[in-house]
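What follows is a set of notes on a single structure, which appears directly below.
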Amino acid sequence: MATLERKLVEMLKAPVEALGHELWGLEYIQAGKHSILRLYIDNEKGIFIEDCAETSRQVSAVMDVEDPISTEYTLEVSSPGVDRPLFTAEQYQLYIGETVKVQVTMPVAGSRNLKGTVIGVEGQMLTLSVDGNELIIALDNIRKGNLIAKF
């Protein structure tokens, strides 16, 4: 996770939790005038459109005061959904035995895109079973990770 994203998580976690939700994670996608700050919120009862709207208003107020992003951006608030993004070791730990897709910055076993079953998490290292091979991946090397939904 980039330094700005860590700072944003620290800044926004308490306001989101004050609304009764968990800050599942966030993504900051820089694209000039079309940058996006995407927050994922979760709750045992589920997330509804009203929850996203209320969280957006609260987060906007905090962002206006703190002003951690100097350029224009669009704020999006969403539930993680069924193909939920995974950000932390604890989140990967929750899905041991499940299939995930990860994109890595530095290739692992010759690939930047991996799909496999979560075997375990130790510290900041994720173990995936990919095509019968166990691969150990540093969480810092994961650019993006998502749970693969089962239907």
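The values are calculated or read from the model by the stated rules, or taken from the named source; none is laboratory data. Bear in mind that the values here come from a model prediction, so they are computed numbers and not experimental data. Ideal geometry is used to build each Cβ from the backbone, glycine not excepted, and the neighbour counts take in all protein chains shown. Just so you know, the surface numbers come from the protein's heavy atoms only, side chains and all, with ligands and any DNA or RNA stripped out. Shrake-Rupley method; radii C 1.70, N 1.55, O 1.52, S 1.80 Å.
Brief remarks follow.
- Over 27 Å between alpha carbons, listed pairs Lys7/Lys33; Lys7/Lys150; Lys33/Lys101; Lys45/Lys150; Lys7/Lys144: Lys7/Lys150; Lys33/Lys101
- Peptides 88-96, 35-43, ordered by how many other C-beta atoms sit within 10 Å of their residues on average, highest first, read 35-43, 88-96.
- Calculated accessible area for the chain comes out at 59 Å² per residue, all protein chains present (probe 1.4 Å; ligands, DNA, RNA ignored).
- Separation between Cα centres of segment 14-87 and segment 116-136, rounded to whole Å: 29 Å
- Share of carbon and sulfur in the accessible area of the chain stands at 49%, probe radius 1.4 Å.
- Under the criterion of Cα pairs below 8 Å and six or more residues apart, the relative contact order for the chain equals 19 percent.
- Taking the longest Cα principal axis of the chain as reference, the axis of helix 3-18 is set at about 60 degrees.
- The angle separating the long axis of helix 49-66 from the principal Cα axis of greatest extent in the chain is about 70 degrees.
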